[in-house]
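Engineer: Before anything else, here's the structure in question.
The values are calculated or read from the model by the stated rules, or taken from the named source; none is laboratory data. Every value quoted in this text rests on a predicted model; they were computed, and no experiment measured them. Cβ placement follows ideal geometry from the backbone for every residue including glycine, while neighbour counts extend to all protein chains displayed.
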Amino acid sequence: MGLSNDRIRFNVGGRIFETTATTLANAGRGSFFGALFDENWNLSQPEDLFIDRNPDCFAVLLDLLRTGDLNIPPNIPERLLHKEAMFYGLIDHLRTAKWGPFDGNRLHLSRSVTGIAPGDGTAIRAGPDGGCCVAHGSVVHVFDWMLEEHPTINLDYQRVNDVGWIDSGNIVLSACERLGRGDGGMGLFSSSSGELRYKFQVSHDNQIKSYSAGALSFSPDSKIFTSCKGRSNEYGIGVWDQITGKQLDFFYESPGWSLGDADKLQWLSGKNCLLVATLFPRKDNCYISLLDFRDKNMVWSWSDIGFLATAEEKRVRDAIAMEESNSICVVNEFEDLGFIDMRMDGGGSSVRWSSRSRLMKSKMPDEPCYPKLALHEGQLFSSMNDSISVFCGSDWVLTSRLKRSYGGSICDFSIGGDRLFALHSEENVFDVWETLPPPII
Amino acid sequence: MSNQKKRNFQIEAFKQRVVVDPKYADKTWKILEHAIHEIYNHNASGLSFEELYRNAYNMVLHKYGDKLYTGLVTTMTFHLKEICKSIEEAQGGAFLELLNRKWNDHNKALQMIRDILMYMDRTYVSTTKKTHVHELGLHLWRDNVVYSSKIQTRLLNTLLDLVHKERTGEVIDRVLMRNVIKMFMDLGESVYQDDFEKPFLEASAEFYKVESMEFIESCDCGEYLKKAEKPLVEEVERVVNYLDAKSEAKITSVVEREMIANHVQRLVHMENSGLVNMLLNDKYEDMGRMYSLFRRVANGLVTVRDVMTLHLREMGKQLVTDPEKSKDPVEFVQRLLDERDKYDRIINMAFNNDKTFQNALNSSFEYFVNLNTRSPEFISLFVDDKLRKGLKGVGEEDVDLILDKVMMLFRYLQEKDVFEKYYKQHLAKRLLSGKTVSDDAERNLIVKLKTECGYQFTSKLEGMFTDMKTSHDTLLGFYNSHPELSEGPTLVVQVLTTGSWPTQPTIQCNLPAEVSVLCEKFRSYYLGTHTGRRLSWQTNMGTADIKAVFGKGQKHELNVSTFQMCVLMLFNNSDRLSYKEIEQATEIPAPDLKRCLQSMACVKGKNVLRKEPMSKEIAEEDWFVVNDRFASKFYKVKIGTVVAQKETEPEKQETRQRVEEDRKPQIEAAIVRIMKSRRVLDHNNIIAEVTKQLQTRFLANPTEIKKRIESLIERDFLERDNTDRKLYRYLA
């Protein structure tokens, strides 16, 4: 019934559009159209509804509401379209239509972003809504999902060691301290304005101490973990609350076991433990341990001390815990994957190296980058030189390889917001990989 | 020079063009401000959403978000102050209604303002971390209206007043109530809790405090409980009708505290209507209500349980220590069973079959059943009574039911070994006299005892049954091998294994020749089929059926004991015998002989003999003749010896002594077992462990345990530690 009542005519910037209220209802109540058709507003329609906006963009957005697909004609600048979508309150619709749910085997290179920062990048981190941040020396460049750059972030312009997203509006940065000045440490920043919102303090024996913050990790119950190096013996892992910003805990480093220098922290929700990995070349040996903060206990540990004489090339360069299979995946500089069983007490027990062909051994690039690992929904990613390999299945079969011609080796990469970001060591460039929207049928 | 000037000029011109006309912002804001006014004045129909939205968008786009936001706060505050004034002026009942109407208006206006300012909400408010428009509107309403000095207390009092009215039975406008309270909830949990819920709970506590005092002064316990039940239901209804669901637990606990918890003691102990009264009169409904109400408050059920326990113990104590009531053992046990049934039913019907109440019941029974040392004997006698005749014509299930109940009492006994002793005696009598009604029932009970106390407890009892069975078979074999015996007197022999049966002194007597010939034949048959055995005759336990013909030709079959048979057989050869002659001929010990003569000569209706001279007692100078004038309307006459129903005082002492004697080796065995595994143990621990190990059979006396330890030390099983005299060592 009332099919004709459903029809609506718009005059957008002089062009007439005809559509239905049903189509516009797809925009949701929190949009321009949702409010427009609310009964509060007296929508007496003597003539066409006039909207003083760009008709070309309206056409694209109307099609988005009609089909759920985004098709941008070449004559429309993306920025303009984003701006129009902001006006109508359709920016979230646009973002979800822009790229599909993440699948490591169906990625395509969406864009490469070149920066103007001097020197090599340190780290790249994907944000939860498709944005990313890149640490370069002492500053962090922040990009939203439209890849528009926001004001940079710095903590007293001290060398940045790691960054991480708490949510799409907040970024945590960890930096080196400057001796005697109390600079550095760890801070919480607004991702859109770049302002410092909170600086995390570490105190020992009720005295506030300056410290260098290293690798970061977050837990779902709003905790921040970072490896800390203080002036004297205050080495270890600090824990803070994301909401109050207060220090909750500190796990002091046990002798001979480097926690304060850790390269990688990973919170394991299932085990209620934190994985801490300190790796070559920061230290001569590799140390991997699982910490239980409830009773301050190192519940599991592994080290390669005394195991290098026979297989010198098999130095662990990165490690990632895979809770589902109760194992830790490690990688060496030739991108050989190895697995350590977390159920057995470590104690230098064997790494089960998978026998992948070592094609790399012959031609190492001039500026090699150490391999990095990432895990995303059952797919394992490992970066090596200028490419990223994707492994699937319980036996971790190599299924895809992401490679791009320029920019040099990949020094870091990150997956989040259904995107993969790869940071190259040369040319100051990072790539954005996206999954295509699902097929029509 | 001119070149430079020109460039300067150019830059300035550029600047002027970039800065948006400040008047533009003012103008745009005026439009939006006007719109907000119109919205609050219910005059929004002429407004164009598209235009307002665009204007708000433009202000934010041109960095006037701040102006827009502060303008919004000012305008909205202005309107809320106006609204506040109008509400303040409202009189009486109109107050709440007006407040509700204005709240609805404000909500609607807020929604429209939010629509217009959607872009600002999404961008400017988010990046500057300001309060979002909707929340801002709620905060301003809260601060300007709800917290206004002239409204805050008035509003609260109005609401509490309405609740009070409803509690006292008036009808109120629940929808209005619901809407206003919903307003508190919408303003945030803390507003609802601090500004409504807390005072509401306080007022409720006061109300129910007064109410409960009134009730308790005017009602008895049962009535009070009925009245206390009501508000609990009503308050839950109230929560459903117009409060936040989270308030249910809080208001319920207030009612529970004021109506129940504060009066637990007084209610339970209320004179003539408290718990004891309910228990006595089986007031299931009242007790059920008390249970379900008291379980809501801490210590409520504990109090009920304690009072019940106290009452039970008092009642039980009276029952078992009243000498009048322990005269008849069967009735005594029946009373116990009746009480148990009564309380079982109470717990089942009123106390929700609560485990803790059942435990209290059991421990109370255990307490008072053992107050009377004769309880084990009486229980055994009760069983004896039931298995002798009481169970005749009763269905198998009912038998089981009665036996189960008896077992329940048995479980309460601390001195289970005493019970065993008596049970054995009574069972032996039943078996030997063939008085047991149902073999199944007997075995059934043995099985129950076995599951309760283990194999050891019943092995001897089972041995008694086996003896009965084998005796039957042996006897068949005996007569098969001696076909010539089918004529003449029949001998029935029960071969009893020594140890399985209650030991009784063997009393020898001279059997009549006819019988002793038979006995000899049986002896040689039995010893011929079994080697290494010894037979001795328990003549004191036998019976005989003899046919007698009296002077006037009346024939009777007399059922007599073996001793009586021996005496009567003497009269086959002579008519008149003196006591001395009888004693000489039979060699029956004097007390037994006297008893057996007494029952044949002095009991009216059973006097087959006549004594000269006539008197009640048997003297050594008496003479006896056959009573020719003996008459009975029955053909079969049973001449019982005077059987002891209840044990006499000396017998009781004897049994007790035997029990004590039997306990000694058991205590010693327990001590040795414990010491063997522990090697070294101090005195107190030994006592505790021994008591624990033996408690399934009896409650060991610490002094006795100490004596046993000393005896074991003498016999070099244990030694005292040289330094610590309280310590004992096990010697292998």
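Engineer: Within the range B:36-55, take every residue that is within 11 Å of chain A (Cβ to nearest Cβ) and buried (at least 22 other Cβ atoms within 10 Å of the Cβ) and give me the one that is farthest from the chain's Cα centre (by Cα). If you could, list the steps in order and put the result at the bottom.
Structural biologist: Residues of the range B:36-55 that are within 11 Å of chain A (Cβ to nearest Cβ), as a first pass: B:39, B:43-55.
In the following step, the residues that additionally are buried (at least 22 other Cβ atoms within 10 Å of the Cβ) were identified as B:39, B:49, B:52-53.
Working: B:39: 69, B:49: 73, B:52: 75, B:53: 73 Å.
Out of the qualifying residues, it is B:52.
Engineer: Between B:196, B:215, which is farther than 30 Å from residue B:275 by Cα, touching a residue at least 12 places away in the same chain (Cβ under 8 Å) and not aliphatic (A, V, I, L, M)? Write out each step before concluding.
Structural biologist: Working: B:215 fails: farther than 30 Å from residue B:275 by Cα.
After applying the criteria, what remains is B:196.
Engineer: Would you confirm whether any residue within the range B:328-351 is assigned to a helix (DSSP H, G or I), touching a Lys or Arg at 6+ places or on another chain (Cβ under 9 Å), basic (Lys, Arg) and farther than 16 Å from residue B:408 by Cβ?
Structural biologist: Within the range B:328-351, not a single residue is assigned to a helix (DSSP H, G or I), touching a Lys or Arg at 6+ places or on another chain (Cβ under 9 Å), basic (Lys, Arg) and farther than 16 Å from residue B:408 by Cβ.
Engineer: I'd like to check which helices (runs of 4 or more DSSP H) are fully inside the range B:91-130 and have at least 3 residues that are in the same structural domain as residue B:44 (by the TED database) and surrounded by fewer than 19 Cβ atoms within 10 Å (Cβ to Cβ). Spell out how you get there, then give the answer.
Structural biologist: Numbers: elements: B:94-116, B:118-122, B:124-127.
By residue number, B:94-116.
Engineer: Going residue by residue through the range A:55-70, is there one that turns out to be within 12 Å of chain B (Cβ to nearest Cβ) and among the aromatic types (Phe, Trp, Tyr)?
Structural biologist: Among the residues of the range A:55-70, not one is within 12 Å of chain B (Cβ to nearest Cβ) and among the aromatic types (Phe, Trp, Tyr), which makes the answer no.
Engineer: Filter the range A:413-429 for residues that are surrounded by fewer than 21 Cβ atoms within 10 Å (Cβ to Cβ) and of a type in the set (D, E, K, R) and give the result.
Structural biologist: A:426, A:427
Engineer: Can you tell me which residue among B:697, B:656 is in a helix (DSSP H, G or I) and in contact (Cβ under 8 Å) with a residue 24 or more places away in the chain?
Structural biologist: Working: B:697 fails: in a helix (DSSP H, G or I).
It is B:656.
Engineer: How many of the residues in the range B:700-732 are under 30 Å from residue B:374 (Cβ atoms), in a loop (DSSP other than H, G, I, E, B) and not hydrophobic (A, V, I, L, M, F, W, C)?
Structural biologist: Going through the range B:700-732 one residue at a time, the tally reaches 1.
Engineer: Still on this structure, I have one more. If I ask for residues that are of a type in the set (Gly, Ala, Ser) and in contact (Cβ under 8 Å) with a residue 12 or more places away in the chain, which ones from the range B:406-444 would you list? Quick ask: steps written out before the conclusion?
Structural biologist: First, the residues of the range B:406-444 that are of a type in the set (Gly, Ala, Ser): B:428, B:433-434, B:438, B:441.
Of everything in the range B:406-444, those that are of a type in the set (Gly, Ala, Ser) and in contact (Cβ under 8 Å) with a residue 12 or more places away in the chain turn out to be B:428, B:433, B:438, B:441.
Engineer: Say we look at the range A:237-279 and pick out the residues that are surrounded by 17 or more Cβ atoms within 10 Å (Cβ to Cβ), out of contact with any Leu (no Cβ under 6 Å at 6 or more places or on another chain) and charged (D, E, K, R); which of these is nearest to residue A:173 (Cα to Cα)?
Structural biologist: Once the filter is applied, the top-ranked residue is A:264.
Engineer: Follow-up. For the range A:98-171, list the strands (runs of 3 or more DSSP E) that sit wholly inside it and hold at least 1 residues that are free of Cβ contacts under 8 Å to residues at least 60 places away in the same chain and not hydroxyl-bearing (Ser, Thr, Tyr); which are they?
Structural biologist: Working: elements: A:107-114, A:121-126, A:132-136, A:139-143, A:149-154, A:160-167.
Those strands (runs of 3 or more DSSP E) span A:132-136, A:139-143, A:149-154, A:160-167.
Engineer: Then there is this: Quick one: what pairs do we get from the range B:97-121, first residue within 17 Å of residue B:47 (Cα to Cα), second assigned to a helix (DSSP H, G or I) and of a type in the set (Ser, Thr, Tyr), C-beta under 6 Å, 6+ apart or different chains?
Structural biologist: Listed by first residue and then by second, the contacts come to B:109/B:40; B:116/B:53.
Engineer: Continuing with the same structure: I'd like to check something: does the range B:557-570 contain any residue that is more than 16 Å from residue B:636 (Cα to Cα), in contact (Cβ under 8 Å) with a residue 12 or more places away in the chain and surrounded by fewer than 18 Cβ atoms within 10 Å (Cβ to Cβ)?
Structural biologist: Within the range B:557-570, one or more residues are more than 16 Å from residue B:636 (Cα to Cα), in contact (Cβ under 8 Å) with a residue 12 or more places away in the chain and surrounded by fewer than 18 Cβ atoms within 10 Å (Cβ to Cβ).
Engineer: If you don't mind, another one. Quick one: is residue B:718 over 38 Å from the mean Cα position of the chain (by Cα) and of a type in the set (A, V, I, L, M)? Walk me through it before giving the result.
Structural biologist: Numbers: over 38 Å from the mean Cα position of the chain (by Cα): yes; of a type in the set (A, V, I, L, M): yes.
When the stated conditions are applied, residue B:718 passes them.
Engineer: Yes or no: the range A:42-51 includes at least one residue that is surrounded by fewer than 18 Cβ atoms within 10 Å (Cβ to Cβ), aliphatic (A, V, I, L, M) and more than 14 Å from chain B (Cβ to nearest Cβ).
Structural biologist: Looking for residues that are surrounded by fewer than 18 Cβ atoms within 10 Å (Cβ to Cβ), aliphatic (A, V, I, L, M) and more than 14 Å from chain B (Cβ to nearest Cβ), one finds none in the range A:42-51, hence no.
Here's the yes/no breakdown for (1) of a type in the set (Lys, Arg); (2) under 21 Å from residue B:60 (Cβ atoms); (3) more than 14 Å from chain A (Cβ to nearest Cβ):
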| site | (1), (2), (3) |
| --- | --- |
| B:108 | yes, no, no |
| B:114 | yes, yes, no |
| B:121 | no, yes, no |
| B:134 | no, yes, no |
| B:138 | no, no, yes |
| B:141 | no, no, yes |
| B:148 | no, no, yes |
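Engineer: Any residue at all in the range B:316-338 that's among the small types (Gly, Ala, Ser) and buried (at least 17 other Cβ atoms within 10 Å of the Cβ)?
Structural biologist: Quick first cut of the range B:316-338, residues among the small types (Gly, Ala, Ser) only: B:316, B:326.
Still in the list and also buried (at least 17 other Cβ atoms within 10 Å of the Cβ): B:316, B:326.
Yes, there is a match, as at least one residue in the range B:316-338 is among the small types (Gly, Ala, Ser) and buried (at least 17 other Cβ atoms within 10 Å of the Cβ).
Engineer: Do any strands (runs of 3 or more DSSP E) lying entirely in the range A:185-271 carry at least 1 residues that are within 14 Å of another protein chain (Cβ to nearest Cβ), and which ones are they? Before the answer, list the steps.
Structural biologist: Numbers: elements: A:185-190, A:196-200, A:202-204, A:207-209, A:212-219, A:223-229, A:235-241, A:247-252, A:264-268.
Ranges flagged: A:185-190, A:196-200.
Engineer: Which one is farthest from residue A:40 (Cα to Cα), of the residues in the range B:29-69 that are free of Cβ contacts under 8 Å to residues at least 12 places away in the same chain and among the hydroxyl-bearing types (Ser, Thr, Tyr)?
Structural biologist: Among them, the one singled out is B:48.
Engineer: Kindly indicate whether residue A:33 is within 14 Å of another protein chain (Cβ to nearest Cβ), surrounded by 20 or more Cβ atoms within 10 Å (Cβ to Cβ), in contact with a Leu (Cβ under 7 Å, 6 or more places away or on another chain) and not β-branched (Val, Ile, Thr). Walk me through it before giving the result.
Structural biologist: Working: within 14 Å of another protein chain (Cβ to nearest Cβ): yes; surrounded by 20 or more Cβ atoms within 10 Å (Cβ to Cβ): yes; in contact with a Leu (Cβ under 7 Å, 6 or more places away or on another chain): yes; not β-branched (Val, Ile, Thr): yes.
In short, yes.
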